[in-house]
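**Student:** The structure under discussion is supplied below as structure tokens; questions concerning it will follow.
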């Protein structure tokens, strides 16, 4: 499933062609995706101007001048294709070739500018929902989400407070969207390795007895920031289905230090151990048992 860097990469690719533009026509080529489309889904979008395109955790949020917000989730395999009036653009050599088979183009936005934006989702785990801006705080899909890991609110003190007293593993705590929003398996593994913290470590060790953030919490927050920013600059990680809006793949998988490197040498200088993998909370965890304590 695409994680925060992949979703942010998609947002940045869509922003120039959606923000400030009017949606002339909307095609829904089936009754729904993971969930059925609302009965007035098309009517509430056609003719409306997109005033802003944001992101919350792994959700894309298109603000309409009408006061509605279009929530979009990529699911497991969702992607957007941008077709300009002069044709599709897939710059660079490192991208998935585009097929002429549009069977999985389930939603198509025809912008007044002539740009066509297609949402393609073979597995149909993605979804779209329109929510009035006034109701966003109570929206079940967003309610309870923790702070954005790249936002100003997220720091060592906040992470320590959220993890204080938790008996779960550190990795499980970081994957809990109520603790921090948008992190997934790949970037949690990478951040823990960079901060030399074991994924098995108890989450409560990020806080001292007084509740103050420990050095572990400070190192971890710094590593989370570093990993996410580097992944966004690289266009995300392309392991299965992720692609950018122009078809180009993300490059961050070439910078993995631990994820998907089972049996390979640890990249910490002078460490002679190899990367190991084990199953934790139903997910593969990659780590160095020597460097991560």
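Only the coordinates and a few stated rules stand behind these numbers; no lab work does. For clarity, every value in this text was computed on a predicted model and none was experimentally measured.
**Student:** When the chain is treated as a GNM, springs tying every alpha-carbon pair under 10 Å, which of 260, 40, 121 comes out with the largest mean-square fluctuation?
**Tutor:** For the chain, modelled as a Gaussian network with Cα springs under 10 Å, the answer is 40.
**Student:** Let me ask something else. Quickly estimate the mean residue ellipticity at 222 nm for the chain, helices only: each DSSP H run with n ≥ 4 gives -39500 (n - 2.57), and the total goes over all residues, rounded to 500.
**Tutor:** Here the helix-only value at 222 nm equals -6000 deg cm²/dmol.
**Student:** What is the angle, in °, between the Cα long axis of helix 4-18 and the longest principal axis of the Cα atoms in the chain? Nearest 10 is fine, range 0 to 90.
**Tutor:** It is inclined by approximately 20 degrees.
**Student:** On alpha-carbon atoms, Rg over Rh for the chain using Kirkwood Rh?
**Tutor:** Ratio of gyration radius to Kirkwood radius: 1.00.
**Student:** Let me ask another. Full-extension gain between residue 208 and residue 233, please, as 0.36 nm times their residue separation minus the C-alpha to C-alpha distance.
**Tutor:** Result: 5.6 nm gained on full extension.
**Student:** Okay, moving on. Can you give the extra length, in nm with one decimal, that the chain gains between residue 290 and residue 278 once fully stretched, where that is 0.36 nm per residue apart less the Cα-Cα distance? Numbers along the way, then the final one.
**Tutor:** Numbers: separation 12, 0.36 × 12 = 4.32 nm, distance 1.48 nm.
Extra length from residue 290 to residue 278 when fully extended: 2.8 nm.
**Student:** Please work out whether segment 4-138 counts as rounded, prolate or oblate from its C-alpha gyration tensor, where a ≥ b ≥ c are the square roots of the eigenvalues and a/c under 1.5 means rounded, while otherwise a/b larger than b/c means prolate and anything else oblate? Before the final figure, lay out each step's value.
**Tutor:** Working: a/c = 1.41, a/b = 1.31, b/c = 1.07.
Here segment 4-138 falls in the rounded category.
**Student:** Give me the percent relative contact order of the chain, please, defined on Cα pairs under 8 angstrom at least 6 residues apart.
**Tutor:** So the answer I get is 19 percent.
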